[in-house]
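The values are calculated or read from the model by the stated rules, or taken from the named source; none is laboratory data. Note that the structure is a prediction, hence the values are computed from the model and not measured. Cβ atoms come from the backbone with ideal geometry, glycine included; neighbour counts cover every protein chain shown. Quick note on the areas: whole protein, heavy atoms, side chains included, nothing else; ligands and nucleic acids left out. Shrake-Rupley method; radii C 1.70, N 1.55, O 1.52, S 1.80 Å.
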Amino acid sequence: SGASLTGISTGKIVQTKMEGNFNFSGDASSNSTTFAAFGNALTITPTSSSNALMFHLSLTDCYAAAQEGIEVTIYDETNSTYVNGAEGRAPRLHLDNIGGGINMGVNFFSILETAGSGARTYKGYYRSAQSGETVYVNNAGSGGCVRFCVMEVVKDD
């Protein structure tokens, strides 16, 4: 159990917002190194600007035919910024060619140290790691799953 901070235990999850569905029909592909949005947006209004936000994005059926790489990040659409900093800091997730290409699940986790104030809208973004190499989010068509969760957490000092 965390220490008390003005009557609230630190480390406590204050609120959780979750979006997505298990039959996501938003199959998307790109051969561009420019980030593009996919899935559902999620809006949260932090209860305190000093709290942290934890993001979890879970995708099924990401696909690349042969040695292509996919990058996934979370974008703050309200403030036009990437959650984890500059665009170039997005994690790089490689999907390698195994037996002609396979569909892979991807789980992405990120922490924003300061939640900020007012309603904020976040969305998953993806891109090809190299121009001209096509990557797919939810390659299974209507059988994929996208879950996006944001939790507001009181931080330890």
Restricting attention to the range 77-90, does a residue exist that is of a type in the set (Lys, Arg) and either modelled with pLDDT under 90 or assigned to a loop (DSSP other than H, G, I, E, B) (or both)?
yes
Exactly one of 141, 105, 116 is modelled with pLDDT of 85 or more and not charged (D, E, K, R), and that one is 116
Name every residue in the range 35-73 that is of a type in the set (S, T, N, Q) and at pLDDT 90 or above, in order of residue number.
43, 45, 47, 48, 49, 50, 51
Restricting attention to the range 12-32, and to residues there that are open to solvent by less than 60 Å² (accessible area, probe 1.4 Å) and not in a strand (DSSP E or B), which single residue is modelled with the lowest pLDDT?
26
Hey, which of the strands (runs of 3 or more DSSP E) in the range 101-140, taking only ones fully inside, have at least 2 residues that are under 15 Å from residue 36 (Cβ atoms), open to solvent by less than 50 Å² (accessible area, probe 1.4 Å) and among the hydrophobic types (A, V, I, L, M, F, W, C)?
135-137
